[in-house]
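Reviewing the structure listed below.
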Amino acid sequence: MRFQPPGQIARALLGGPNLWDLVVFPLVLAALFLVAWGSHQMTAPYQLGEVIPISLDPANLPHYALRTTLRMALAMGLSLVFTFIYASLAAKYRRAEMIMIPALDILQSVPILGFLSLTVMGFIQLFPGSMLGPEAAAIFAIFTSQAWNMTFSFYHSLRMIPNDLRLAADAFQLSAWQRFWKLEVPFAMPGLVWNAMMSMSGGWFFVVASEAITVSNQTILLPGIGSYIALAIQQKDLTAIGYAILTMLVVIVLYDQLIFRPLVAWSEKFKFELTGAQDVPKSFVLSLVQRARWLPWLLSLPAAAWEFSLRLFRRLPAVPLSALAVRVTRRKRRLIDRLTLIAMGVAAIFAALTLARFVLGAVALSEVGHVMLLGLITGLRVLVLIGLATLVWVPVGVWIGMRPVLAARVQPIVLFLSAFPANLLFPLAVVIIARHHLNVEIWLSPLMILGTQWYILFNVIVGAASIPTDLKEAAANLGMRKWLLWRRLILPAVFPAYVTGGLTASGGAWNASVVTEVVNWGTTTLTATGIGAYIAQQTTAGDHPRIALGIAVMSLYVVVLNRTLWTRLYRYAQAHLALE
Amino acid sequence: MQNTDALIEVRAVAKTFAAEGKGTLTVLEDINIVIQPGEIVAVLGKSGCGKSTLLRIIGGLTQATQGEVRYRGQRVSRPQPGISMVFQSFALFPWLNVQQNVELGLEAQGVAPAERQRRASDVIEMIGLGGFESAYPKELSGGMRQRVGFARALVVNPDVLLMDEAFSALDVPTSETLRGDLLDLWLERQISTQAILMVSHNIEEALLMADRIVLLDANPGRVKAELPVTMKHPRDRDALVFRQMVERVYTAMTTAVVGAVAKLDAIGIGHRLPSVFVAQMEGVLDQIEQIEEAGSAELPELAEALHFEIDDLFPIVDVLELLDFAHVTGRAITLTRHGRAFVEADILRRKEIFGEHLLKRVPLAAHIRRVLDERPSQRAPEQRFLRELEDYLNEEEAERVLSVIIDWGRYAELFAYDYNAGILSTEDPGEEVES
């Protein structure tokens, strides 16, 4: 948030346009126009059952790509607003925090794709007779895939704000509004930008999956790349799939260059360090924008808005984070805490009973047992695949990470790979499996990890690249080699980063199971045994109690796996292996 | 009692922190200070004597448990526009450039943009930052950063300027220059500030600037003495009057150590052992012995020989007295019989002597050893002792004290500690299982 003082703006305007302006200005205008046009399309009339014409003509792909991107952007905006509100409340009110943070943890573990069928009907009823219904449902699905990690990141940043900065904000009597934009948001910015980017990367997968929604045997196809793919699959059109993959590649490259890199380079200035870093991320686009003379003029708009908002929110009472100390005695506070806990416990029991009644009204107990077993099978698949991915990518990642020049070059590629929605490649896998009559139970499994394995590779590269040079030199000096070197230096150093990657990959794989355990190619349907397949089948059938059962069981497995495995590994890594 | 002319009145201020169990930690007790317009007052004291807390209470950043602070007769319960503050760590917003950092306080007061910019530019020019308006803090040296800190505090035209160890993060020549520049602004009345209250642990710094020095005692923090400083500016630190004044303040401060000794005889297991490493004790003991060869050792001399601030020396001296290795009378420090034996011993014997004294003089060490010996497994989780300590201390303090006693106990080989498992045991530390 860099606001130019008015003098600079005047100077910039007097200087007249420069070469950069000629490039930037039309681009800004064109972007604004495209957004306006795309959003207009979203509000077109629509009735449930109506078939929105989707065409496999590649000439439509730019339009579809725009619609897909727009959905993504809206969901991101929504996620940001949610993040600001939710995380601020959780960080500032201790009692809210007691409920909000565990809730966020659970939300993070719920398989989003399973929810789609439930939300779609709700949104269609909310906006009757308009495209907004299914559009909102898709956007909501993307939102649920993006918001949680951003919220966590923002919350943690708020908790980490250095005490002296808080005191300075107190001493100079910053209003709550000023404090938020001048202290809290800037401090959280690097983490927030990074998580937003990760969310966007993951989001492409969900945008593709949520555009073609099948509910109660009705297929709603929203104009977009996801629907294009769905249609291509239905018509067994491999060429069209090729086109879609190409379009997606172009979209992701554009997104990487136009948004990702500029943002990361820009957020560098918010890094809380008082020494200038040597190796600062650079972005061609950011330089272009920063050099354009017209830009300060454009930026004077937010600057004016800031001045206005200052006047508007000046009387907003500040709730400084440092004033959190509640003025009740400890004993009293403990009593209130205990009462809150009891109330929450009662509410939880009530919720569990309601869910149980809803599910057991339609489903026999034996089927519940069966679903638990299905969950176990999928869980086994996830663990085996994470294990395999670890065996492959840890050595590769270490090899790359120990070579700084190579690592710098490979990192953007890996990020790019993680952004590419793996579901575009599913049809190719199906064709191969069907043609060679391979075992479905085994060969469908790798699809689960196709998109999320990159998180392991990426984090291991980062971990290996950050091994301090003096440690490497000390190891060489001591003559440590091979296994000893791995056991004593490399593995412990890489482990914390690996756990972060593994946790993300594992969560992603569970989520992906809903779309990877049942895959179609024209009329061919390949189904593997597992809870993902169960949820997918019940979604198609529109059987809500069974969908609820599937989601609940899968969430349970994810939470248990996270708590028993990943959280423990993470704690261990933080306590014993963090390089300081 | 009402003092109408006073700018700041601190009346019977006390601050206590609730500890986890029954105990409370009293940081400040019955503090009374009056600050008149036109004076610079320095609060001097050891670390942990609550001087920074006092400054925060005066600034309205923390509330006093008892008593009150009045600014121009009005009770201070939150930050006031007329009082601004300079921080030891600068506390600059790294994402704002110099101009934006300086404008921050004005923005909070609702000053219009044009005026904001003008006033900030003026102050930036005055404090010697002209040309650096668009620089970010990370581009500046430490001295320049603190200049931004001063500009930010002065731009709001404060009545009272609070300085929390404002120069102690800077190297000596830099802090000298900055101090001189600030003093010039003050003496030439270029700033509208009516009074400056500074907190410091550096005697010379306080004597170079202040018109009055308030000495704070520690545990709990109390005003021990007030000394007027009447020397004319510019003050010469090599002048005889100045050296005598330094000695006077030094003596006044060291009597605090003697006061502390009286309390040491009756320490319990909840005693707040200072964070002092064994190596530091060894260093100081060796140094005392060296000086004693030429005569008797005095604390100022000792601090200088070790390149210590008195602030760093006091906790070590406290521990040496606690362990009966050294004895302080007035300003002189002498080795006891045991201290001499320790200095002359080799490393293994040193461990033995240290262990004996630890068991005899530090109840917590004896207690841990006894508990471990009584248990068949000779092991106990650290949680057990932490819970006990939390009867006397708050959680953070309990953890700190336990880590101190673990360091000492390990050195003396009284007990071993497994960091990963959080287990204390009497095992031979050499056999500690690696995990």
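Read-outs: derived from the displayed coordinates by stated rules, not from any lab. A quick note: this is a predicted structure, and the numbers were derived from the prediction, not measured. FYI the Cβ positions are ideal-geometry reconstructions off the backbone, even for glycines, and counts take in every protein chain you see.
The overall shape of region A:384-459 is prolate: from the C-alpha gyration tensor, with semi-axes ordered a ≥ b ≥ c, the ratio a/c is 1.5 or greater and a/b exceeds b/c.
Give, as a single signed number, the net charge of other residues whose beta carbon lies under 13 Å from the beta carbon of B:Val10, with Lys and Arg counted +1 and Asp and Glu -1.
Values: positive: B:Arg11, B:Lys15, B:Lys51, B:Arg56, B:Arg70, B:Arg75, B:Arg222; negative: B:Glu9, B:Glu29, B:Asp30, B:Glu68, B:Glu226.
Residues near B:Val10 contribute +2 overall.
Antiparallel versus total DSSP beta bridges in the protein assembly as shown: what percent is that, nearest 5?
Details: 42 of 61 bridges.
Counting only bridges with both partners in the protein assembly as shown, antiparallel ones make up about 70 percent.
If the segment from A:Thr219 to A:Val431 were pulled out straight at 0.36 nm per residue, it would be longer than the present Cα-Cα gap by 74.0 nm. Backbone phi angles across region A:75-90, fed through the Karplus curve with coefficients 6.51, -1.76 and 1.60 (θ = phi - 60°), yield HN-Hα couplings of 4, 5, x, 4, 4, 5, 4, 4, 4, 4, 6, 4, 5, 5, 4, 5 Hz in residue order; Gly and Pro are listed as x.
Could you tell me whether region B:366-415 comes out rounded, prolate or oblate from its Cα gyration tensor? Rule is a ≥ b ≥ c as square roots of the eigenvalues, rounded for a/c under 1.5, then prolate if a/b exceeds b/c, otherwise oblate. Oblate, since a/c reaches 1.5 and b/c is not below a/b. Here the residues A:Ile531, A:Ile490, ranked from fewest to most Cβ neighbours within 10 Å of their Cβ, fall in the order A:Ile490, A:Ile531.
Efficiency by 1/(1 + (r/R0)^6): what FRET value for B:Thr26 and A:Lys236, r their Cβ-Cβ distance, R0 = 56 Å, to the nearest 0.05? Could you put the intermediate results ahead of the total?
Details: r = 81 Å, r/R0 = 1.45.
Between B:Thr26 and A:Lys236 the formula returns 0.10.
Return one number: the angle in degrees, 0 to 90 and rounded to the nearest 10, between the long axis of the Cα atoms of helix B:278-293 and the longest principal axis of the Cα atoms of chain B. Once rounded, one gets 90 degrees.
Fully extending the segment from B:Glu226 to B:Asp184 would add 12.6 nm, taking 0.36 nm per residue of separation and subtracting the current Cα-Cα distance.
Report the Stokes-Einstein translational diffusion coefficient (µm² s⁻¹, integer) for the protein assembly as shown, Rh taken as the Kirkwood radius over Cα pairs, at 10 °C with viscosity 1.306 mPa s.
Numbers: Rh = 33.3 Å.
In µm²/s, the coefficient rounds to 48.
Estimate the FRET efficiency between A:Asp164 and B:Asp346 by the formula 1/(1 + (r/R0)^6), using the beta-carbon distance for r and 51 Å for R0, to the nearest 0.05.
Working: r = 46 Å, r/R0 = 0.90.
So the FRET efficiency works out to roughly 0.65.
Take the alpha carbon gyration tensor of region B:8-255, find the square roots of its eigenvalues, order them as a ≥ b ≥ c, and report rounded if a/c is under 1.5; if not, report prolate when a/b exceeds b/c, else oblate. Oblate is the answer for region B:8-255, as a/c is 1.5 or above yet b/c matches or exceeds a/b. Taking Cα atoms only, the orientation of helix B:113-126 departs from the longest principal axis of chain B by about 70 degrees.
Each Lys or Arg adds one and each Asp or Glu takes one away; over the other residues whose Cβ falls under 14 Å from the Cβ of B:Ala114, this sums to -2. Considering helices alone, the calculated mean residue ellipticity of the protein assembly as shown at 222 nm is -19500 deg cm²/dmol, with DSSP H runs of length four and up weighted by -39500 (n - 2.57) and normalised per residue.
Amide H contacts of B:Ala326: B:Glu321, B:Thr336, each under 5 Å away and 5 or more positions distant or on a separate chain (H built 1.01 Å from N in the peptide plane; Pro and chain starts excluded).
Taking a virtual spin label 7 Å from the Cα of A:Ala541 along the C-beta vector, which residues in region A:210-241 bring their backbone nitrogen under 16 Å of it? Answer for region A:210-241: A:215-218.
For the listed peptides A:241-250, A:69-78, a ranking on the average number of other beta carbons within 10 Å per residue, highest first, reads A:69-78, A:241-250.
Extending 7 Å from the Cα toward the beta-carbon at both A:Leu365 and A:Val346 defines two label points whose distance is 2.9 nm.
Are there any GluC sites (Glu not before Pro) in region B:144-229 that are in a DSSP loop and have at most 12 other Cβ atoms within 10 Å? List them by number. Mind showing how you got there, number by number?
Numbers: sites: B:Glu165, B:Glu176, B:Glu188, B:Glu204, B:Glu205, B:Glu226; in loops: B:Glu165, B:Glu188.
Those satisfying the criteria are B:Glu188.
Here the label points at A:Gln125 and A:Arg403, each 7 Å from Cα along the C-beta direction, are separated by 5.9 nm in the simple model. The alpha-carbon of A:Lys482 sits under 18 angstrom from the alpha-carbons of these aspartates and glutamates, leaving out residues fewer than 8 places away in its chain: A:Glu473. Inter-label distance, B:Val371 to A:Leu565: 3.8 nm, where each label sits 7 Å from its Cα along the C-beta direction. Relative to the longest principal axis of the Cα atoms of chain B, the long axis of helix B:142-154 makes an angle of roughly 50 degrees.
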